[in-house]
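To keep things clear, I will list the structure first and then write my remarks on it.
The values are calculated or read from the model by the stated rules, or taken from the named source; none is laboratory data. On a predicted model such as this, the values are computed, not experimentally measured, just so you know. Methodologically, a virtual Cβ is constructed for each residue, glycine included, from the backbone with ideal geometry; neighbour enumeration extends over all protein chains shown.
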Ligand code: NAD
């Protein structure tokens with residue numbers, strides 16, 4: 001539905017030197033539906049002000065902290081329509097709660113919170129507030145992920161029997177958190193990262209992708225978490241077996257000590273007729289293999305794809321879209337939903353956009369993986 005003006009966005013986090021904040025800003029503004037107008041970008045007032053200046057926003061709207069921002073913005077006639085949370089994980093809950101209390105819809109980065117109990121608290125707060133809440137599981141924004149999802153939903157692979165999802169990175173192979181590496185420092189600290197190490201940071205993406213594409217739910221898990229780098233307090237490696245709601249079995253592995261790997265997220269799903277294979281580092285191609293037919297390569301933005309995949313293509317086939325564009329798909333869906341919500345639709349979020357349900361499941365995945373690893377056994381989900 002059309003809106004005559006851009007939606008006004010506030011941001012918490014994403015200050016100088018941040019990793020994902022700039023990605024959020026680019027993605028939010030890519031489709032011309034959202035503009036950044038305010039922020040509490042950093043831990044200190046000076047850094048927040050400096051960031052605001054760099055981003056070209058009104059200096060009065062670069063706030064010292066997020067509470068001040070919600071307070072001031074909710075009093076303005078042209079106050080923010082939404083806030084994005086791009087801070088370390090321990091702040092996701094308090095910032096989201098403060099925004100919801102101020103009547104401001106939330107787009108949060110993952111994981112939803114730092115602990116499972118916090119996720120339940122957030123779920124209740126979202127329901128109470130009746131405000132849109134989106135969660136940026138980036139990989140859900142890729143056209144070929146949407147195509148794989150549609151192939152599974154249409155039953156084209158036959159009965160799904162096995163899934164394999166893996167997310168391997170190598171950047172924490174050494175104790176980089178002790179060298180002043182900003183992103184590693186909070187990720188290695190349970191007080192800021194939360195209960196899970198690699199399972200919270202990237203395992204939740206793998207878990208979400210598995211359920212999002214297969215349409216199945218994990219019902220049991222048997223995980224082994226390891227702290228490979230000496231002295232590290234949170235897991236940096238996970239190998240897990242999973243059982244799914246239709247009886248299928250699978251594996252979920254993630255690691256931040258897989259030396260040499262960059263961002264190797266890969267999903268394979270096997271039915272009794274065929275299978276899909278998608279890799280994040282080659283995101284515009286989906287491999288479909290048939291038991292009784294030749295292997296196929298499906299390319300993004302081609303006319304033979306389904307409606308869900310075509311809906312997110314911005315440029316013709318052969319002109320690759322990537323990480324920022326996938327992120328922007330989530331923002332576009334959130335912006336459209338927000339306009340509908342403003343027009344009275346109380347349930348505007350599309351099923352393709354991850355939200356609070358995915359957030360709670362992701363946190364439950366972390367909890368159950370830890371429980372299973374401690375018990376060295378299967379646990380029910
Ligand atoms: P980062 O350390 O690079 O950035 C965090 C930012 O938050 C910094 O600018 C810091 O100054 C700011 N901050 C800290 N405390 C603050 C406060 N009290 N008020 C305002 N700002 C504050 O971290 P990052 O790697 O960008 O990760 C941030 C979040 O994004 C994490 O939750 C992470 O899990 C998530 N993330 C998601 C993806 C994805 O693919 N969706 C990728 C990377 C990171």
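What the table shows:
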{"read-out": "Residue in the stretch 155-176 that is within 27 Å of residue 250 (Cβ to Cβ), within 13 Å of the ligand (Cβ to nearest atom), in a strand (DSSP E or B) and modelled with pLDDT of 95 or more present", "value": "yes"}
{"read-out": "Failed criterion for residue 184 (all others in (1) touching a residue at least 24 places away in the same chain (Cβ under 8 Å); (2) farther than 26 Å from residue 311 by Cβ hold)", "value": "(1)"}
{"read-out": "Residue check, residue 242 over 19 Å from residue 138 (Cβ atoms), under 20 Å from the mean Cα position of the chain (by Cα) and buried (at least 22 other Cβ atoms within 10 Å of the Cβ)", "value": "no"}
{"read-out": "Matching entry among 264, 217 (being at pLDDT 95 or above, closer than 17 Å to residue 138 by Cα, in contact with a strand residue (DSSP E or B) (Cβ under 9 Å, 6 or more places away or on another chain) and surrounded by fewer than 20 Cβ atoms within 10 Å (Cβ to Cβ))", "value": "264"}
{"read-out": "Selected residue (only one of 365, 381 is farther than 20 Å from residue 153 by Cβ and surrounded by fewer than 20 Cβ atoms within 10 Å (Cβ to Cβ))", "value": "381"}
{"read-out": "Within the stretch 180-226, tally of residues that are in a helix (DSSP H, G or I), away from the ligand (no atom under 14 Å from the Cβ) and within 15 Å of residue 241 (Cα to Cα)", "value": "2"}
{"read-out": "Qualifying positions in the stretch 89-117 - within 11 Å of the ligand (Cβ to nearest atom), assigned to a loop (DSSP other than H, G, I, E, B) and out of contact with any strand residue (DSSP E or B) (no Cβ under 8 Å at 6 or more places or on another chain)", "value": "111, 113, 114"}
{"read-out": "Residues being in contact with a helix residue (DSSP H, G or I) (Cβ under 6 Å, 6 or more places away or on another chain) and not in a loop (DSSP other than H, G, I, E, B) - total across the stretch 365-381", "value": "5"}
{"read-out": "Hits in the stretch 14-38 (condition: buried (at least 24 other Cβ atoms within 10 Å of the Cβ) and on the phi > 0 side of the Ramachandran plot)", "value": "14"}
{"read-out": "Subset tally (residues that are away from the ligand (no atom under 16 Å from the Cβ) and either within 25 Å of residue 24 (Cβ to Cβ) or crowded, with 22+ Cβ neighbours inside 10 Å (or both)) for the stretch 128-150", "value": "10"}
{"read-out": "Meets criteria (closer than 25 Å to residue 88 by Cβ and in contact (Cβ under 8 Å) with a residue 24 or more places away in the chain) for residue 202", "value": "yes"}
{"read-out": "Enumeration of residues in the stretch 5-54 that are within 15 Å of the ligand (Cβ to nearest atom), part of a loop (DSSP other than H, G, I, E, B) and under 16 Å from residue 327 (Cβ atoms)", "value": "14, 18, 19"}
